[in-house]
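Below is one structure, written out as structure tokens; the observations come after it.
The values are calculated or read from the model by the stated rules, or taken from the named source; none is laboratory data. Predicted, not measured: the structure shown is a model, and the values here were computed from it. Cβ sites come from the backbone with ideal geometry, for glycine too, and all protein chains shown count toward neighbours. The area values use the complete protein model at the heavy-atom level, side chains included, leaving out ligands, DNA and RNA. Shrake-Rupley method; radii C 1.70, N 1.55, O 1.52, S 1.80 Å.
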Amino acid sequence: MGVLAYAVAGWLVIVGALGMLRSRNLVQATVALSVAQSGTYVFLLAIGYQWSATAPVFSSGSPPTNQVVDPVVQAMALTDIVVSAMVTALLLALTIQIEKTHRTLDPDELQRLKG
Amino acid sequence: MSAALIVVALTLVAIGGATVVFTTDPARQAVTLSVFGLLLTLLFFVLQAPDVALSQLVVGAALVPLMVMLTVRKINQRSR
Amino acid sequence: MYQGPATALAPLAVALPVVLACVVLIVERWASRRLADLLAVGTTVLVFGLTAALVAATRDGRVVTWSGGWVPRGGLSVGIALVVDQLAAGIACLAAGLTCCALLYSWRYLKTARAHYQALMLLFLAGMVGFSLTGDLFNMFVFFELMGVTAFALTGLHIEEPDSVQGSLNFAVINSLGAYLSLMGIGLLYARTGQLGLAQLGARLAGRHADGLIVAAFVLVTIGFLVKAAMVPLHFWLADAHAVAPAPVCVLMSGVMVELGVYALARVYLTVFSASIPAPVVQRTFLVTGLLTAALGSVMCFAQRHLKRLLAYSTIAHTGLFLIGFALLSPDGLAGVALYVAGHAGVKGALFLLVGVVLDRYQSVDEGELFGRVGGRHPACWMFLLAALALAGLPPFGPGLGKAVTEEAAATAGHPWLVAVFVLVSAVTGGAVLRAGLRVFLGRGHRPEPIEPVEQMSGGRKEPETENTLRRTPLTMLVAIGMLLIGSTAVGVLPGLAAAVGRAAAVFGDQAGYLDQALFAASAPPVAAAPVAWWSSSGVLLGVASTVLAAVVAGLSLYAHPLVPHRLRSHLAAGFEVVRGLHSGHLGDYVAWLIFGAAGLAALIGLPLLP
Amino acid sequence: MNRRARLSVFGLGAAGLAVLFALALAGMPDFGTSDHPYRDLAVPAAVAHDTANVVSSVNFDQRALDTLGEEVILLSAVVGATALLRPTPHETQRPPAPGGRVLDGTILMAYLLLPLTTLIGLDVVVHGHLTPGGGFQGGVVLATALHLLYLAGRYESLARLRPLDWYVWVEGSSAASFAGIGLVGLGLGSGFLANVAPHGSFQNLLSAGTVPILNVVTGGAVAGGAVVLLAQFLNQALGTTPQAAQKSAG
């Protein structure tokens, strides 16, 4: 059980990279990159988890306690999600322009940057 | 109980990620990506991270798939 | 704890470009182009002043600023520290100076997408300054991504050029994937120690046996930095991005962004891992990879016809040399690399801008198409040839001094054969640039055969980067180039500067001092014997030798072509085709090599440490 | 490289990384451990500044510099995407044609949902220091609310509700304010991005000092940024045509 969470995180990163490698379309490569990044959120949150601890938000009435899951990894994951979305947005913008200028999105047919 | 939930959510996420990656049609990928985003949201709730789950919901399950969808629409419109 | 007004400098240097970039964006609708340019250049001058003040303030030790005022108690804090030593302040200052020159070059003439260009350049600067000043690993990741996002957008700015958008995409994907691997490494370290600050991490790992987790964390964290530093085989994106980015953006990427990768590697190793991963392992690893990078970069550089791509491969070759200098893990090695980086930034920046000037006039960056067209009377001519000689190591320019000091450090460390490597790499890359200059400006030798774009990237028939083709080169452009060349010369002729770099390098490597000053507000420890970073007679001789060799290389490639036997030529060509074939511009290839490179680095570091 | 060679290189690398990762996992603390040193510092620090949502405290108080960087990344990406998706001289921007027929029910739904989502978005932003959510999540919800109009086929009303320059200004001034608030702390001598506002009382709307202020500023930056970003993609998908393919103007 313990290893499963970490293994899933590693799996997402590798399967995302594989997806980028195999893609026949740059949109697909971009989406695969965002899957690879989701591995990092899973990893971070798995590291910060604690059995039978609550979320690090003290709703009214509940006294502050240390028995909460790690809030720092959650803050990192939040930043990470924003970064991922923004990189994806830029990549999609570039993809649109590549399609306009090259008339294709297949990496095998994008042949201009050689040597 | 929570252990079982976590295992289920993790397994779903692992399968979901692979499904997104191996979906070849980009238009369908926008949909699978959105579903994958929802699965991650579920996992983050189970892992006691409501803040992250909420972000993942609005970004991963809505904003990013929407951008992918619009990109695909633009590309298909041109190739027609 | 309060160290006086100096503690305000670091956050100001990060925040000001952000605020002023926002101002540029807000006023751009009403304001003229000139106001946006003025604001942008003014901001860089301001940041240059702030970072220069920071260089002065760090003379007697580090300046530590805890953001949010979360000063540590008992060596622990929840906040983020900006821990500035003189080398950090110096590289931030270099970034500000280069951005100033780049924006001056773009003044009024460069075709920009509204004021987005100026704003993005300022945000790029904020990212570079933040990255060099921060003392927190996750914060490094954030600023790394900021540098990335701004650089991707700037690289792809010419959206109508097919090469431009494709090069930018390759750059963005590979850098992002590298950054995510770094984040996995940060996660591993956090799981082990529960810390994110470099000083706290260093304190926790000190004296721990390097087990699987520590090795994996080191490999993964540094792989992102090494992608930036274009270490072979993670270097493919660099040639693509530099070949297509606007010339002033290349100045920043080639002059400081790539070098920040090496800087971050050195910072993270020396502060966090030096007490757990043994130095000999790291030395061997980066000697091997640095040599590989320098060799491949030189060969590819020599074979280029596309002028910007030629300069890009020369940058790869030089980062290989920087990696070798880091691998010496000695204060004099670090001092040499720091001087080399500063000198290289000015010269390489000037070369990129000169190619930009040629492009704006003749609409091509292809050595063959431009053959003899520019003419020796163009003001760019002698600047280009001079910069080529400086790149080859001619005294008294900055790159020559950096090269001489690093060579001496290598010989002292017991690797005298590395001197030959430095001379050879300088001669081949300098010779390639010299050959291109002699062909383009003076029409020497024979005109190279035209090439088919399907075989190799060609630089022919390009849109100028300016609004119109420029009949005359504007004064602002020439001033920017002149400033870069003067800056590079200053590195080589000011003994005070070199001495300061030597002292800064000794402080940079002092882990105990870093920890004490960052976490316990200790006063600055006395500087251990600072290396003498100055020209020696052998350094001058080696500099002259590599310059002469560069001239020989250029002369041979211009005139001796028919003298080489046909058989030998075809053998060489066949071997070279294999190497060139690897540089395919294919995204999938680059991803494969990135993953392979990460595993290779893990093997080089991990296998000798197996029990 | 051909496909085979590429997969082999990748396979070798991935196998190596898998071994490395497995060795690293052997040294990891168990999943669900109760040993979280940073947490043990962050929770009291959040309570000391009367912030009930510890994640918000980390994001906007303890590690606010990370979040400043995050906001600047967002700003850069929005500016970058705007620059990359600008219409080229060879393209024309036509006013979007009124979308196809949309079911009345959908329109009604969208109009009902618009105010509701806007309210939810605002609520998520202002309670960021008390409950899960905050400026970022709320900001995206606000931007999405606006785009429900697109779902309803009312692209024209969307275009009217969306004088893009305003959103650029909202975004720019919000991002500048974030840095500016940080500089106020510096000016007062408490440190860059220090929590200098009165802390109020725990679990109250008026608590946590600068955390809710920065949350609102972030909400503005994110909402503005996301609207501008989506507008660029919408314009590409619906509004921009290459001149050659253009049949009739508007």
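Put simply, of D:Val211, D:Val217 the only residue that is at pLDDT 85 or above, over 22 Å from D:Trp166 (Cβ atoms) and open to solvent by less than 40 Å² (accessible area, probe 1.4 Å) is D:Val211.
Looking at the structure I just gave you, is C:Val55 surrounded by fewer than 24 Cβ atoms within 10 Å (Cβ to Cβ) and at the interface with another protein chain (Cβ under 10 Å from one of its Cβ atoms)? The answer is no for C:Val55. Scanning region A:51-97 for residues that are within 7 Å of chain D (Cβ to nearest Cβ), polar (S, T, N, Q) and closer than 17 Å to D:Ala231 by Cα turns up just one, A:Gln97. With the structure loaded, tell me whether A:Asp108 is surrounded by 24 or more Cβ atoms within 10 Å (Cβ to Cβ), charged (D, E, K, R) and within 9 Å of chain C (Cβ to nearest Cβ) or whether it fails that test. Answer is no for this residue. Within this structure, C:Ala203 passes the test of being open to solvent by 10 Å² or more (accessible area, probe 1.4 Å), part of a helix (DSSP H, G or I) and either touching a strand residue (DSSP E or B) at 6+ places or on another chain (Cβ under 7 Å) or touching a residue at least 60 places away in the same chain (Cβ under 8 Å) (or both). Across region D:5-60, the number of residues qualifying as open to solvent by 30 Å² or more (accessible area, probe 1.4 Å), facing chain C (nearest Cβ under 7 Å) and assigned to a loop (DSSP other than H, G, I, E, B) comes to 1.
Taking the stated definitions as given, is C:Leu46 under 30 Å from C:Tyr117 (Cβ atoms) and surrounded by 24 or more Cβ atoms within 10 Å (Cβ to Cβ)? Criteria not met by C:Leu46. Against the test of being within 26 Å of the chain's Cα centre (by Cα), open to solvent by 40 Å² or more (accessible area, probe 1.4 Å) and more than 26 Å from A:Leu33 (Cβ to Cβ), the options C:Leu556, C:Leu610, C:Leu604, C:Leu582 yield a single qualifying residue, C:Leu604.
Can you tell me which of B:Leu40, B:Leu70 is open to solvent by less than 10 Å² (accessible area, probe 1.4 Å), at pLDDT 95 or above and of a type outside the set (Asp, Glu)? From the options B:Leu40, B:Leu70, the qualifying one is B:Leu40.
Sort out which residues of region C:168-194 are buried (at least 24 other Cβ atoms within 10 Å of the Cβ), polar (S, T, N, Q) and without any contact (Cβ under 8 Å) to a residue 24 or more places away in the chain, and write them in order of number. Answer for region C:168-194, where residues must be buried (at least 24 other Cβ atoms within 10 Å of the Cβ), polar (S, T, N, Q) and without any contact (Cβ under 8 Å) to a residue 24 or more places away in the chain: there is none. Candidates are the residues of region D:160-192 that are among the small types (Gly, Ala, Ser), open to solvent by less than 40 Å² (accessible area, probe 1.4 Å) and assigned to a helix (DSSP H, G or I); the one that is farthest from D:Ala226 (Cα to Cα) is D:Gly185. Can you spot a residue in region C:387-405 that is touching a Phe, Trp or Tyr at 6+ places or on another chain (Cβ under 7 Å), in contact (Cβ under 8 Å) with a residue 40 or more places away in the chain, β-branched (Val, Ile, Thr) and crowded, with 19+ Cβ neighbours inside 10 Å? No: zero hits. Checking the structure you have, find out if any residue of region C:570-587 is within 30 Å of C:Ala275 (Cα to Cα) and charged (D, E, K, R). Taking every residue of region C:570-587 in turn, none turns out to be within 30 Å of C:Ala275 (Cα to Cα) and charged (D, E, K, R). Among residues of region A:23-58 being of a type in the set (Gly, Ala, Ser) and over 10 Å from the mean Cα position of the chain (by Cα), the one that is farthest from D:Ala52 (Cα to Cα) is A:Ser23.
Going through (1) open to solvent by less than 10 Å² (accessible area, probe 1.4 Å); (2) farther than 27 Å from D:Ala26 by Cα; (3) among the polar types (S, T, N, Q) one by one, A:Ser38 falls short only on (2). Scanning region B:21-38 for residues that are more than 9 Å from chain A (Cβ to nearest Cβ) and touching a Leu at 6+ places or on another chain (Cβ under 6 Å) turns up nothing.
Which of the following residues is away from every other protein chain (no Cβ under 12 Å) and open to solvent by 10 Å² or more (accessible area, probe 1.4 Å): C:Ala294, C:Ala303, C:Ala279?
Working: C:Ala294 fails: open to solvent by 10 Å² or more (accessible area, probe 1.4 Å); C:Ala303 fails: away from every other protein chain (no Cβ under 12 Å).
Residue meeting the stated conditions: C:Ala279.
Residues in region A:48-83 that are open to solvent by 10 Å² or more (accessible area, probe 1.4 Å) and part of a helix (DSSP H, G or I): A:Leu78 alone.
Quick check: is even one residue across region A:9-23 closer than 30 Å to C:His158 by Cβ, in contact with a helix residue (DSSP H, G or I) (Cβ under 7 Å, 6 or more places away or on another chain) and not in a helix (DSSP H, G or I)? Yes, region A:9-23 contains a residue that is closer than 30 Å to C:His158 by Cβ, in contact with a helix residue (DSSP H, G or I) (Cβ under 7 Å, 6 or more places away or on another chain) and not in a helix (DSSP H, G or I).
Please work out if D:Leu238 is open to solvent by 10 Å² or more (accessible area, probe 1.4 Å), under 15 Å from D:Ala52 (Cα atoms) and of a type in the set (A, V, I, L, M).
Spelling it out, it is not the case that D:Leu238 is open to solvent by 10 Å² or more (accessible area, probe 1.4 Å), under 15 Å from D:Ala52 (Cα atoms) and of a type in the set (A, V, I, L, M).
Within region C:141-177, being at the interface with chain D (Cβ under 8 Å from one of its Cβ atoms) and not in a helix (DSSP H, G or I) holds for C:Gly156, C:Leu157, C:Ile159, C:Glu160.
Of all residues in region C:112-140, those that are within 9 Å of chain D (Cβ to nearest Cβ), part of a helix (DSSP H, G or I) and either open to solvent by 10 Å² or more (accessible area, probe 1.4 Å) or aromatic (Phe, Trp, Tyr) (or both) total 4.
Out of all the residues in region C:402-448, which are outside any helix (DSSP H, G or I) and over 30 Å from C:Phe371 (Cα atoms)? Don't jump to the end; show me each part of the working.
Here is the first cut: in region C:402-448, the residues outside any helix (DSSP H, G or I) are C:413-416, C:443-448.
Hits for region C:402-448 are C:Ala413, C:Gly414, C:His415, C:Pro416.
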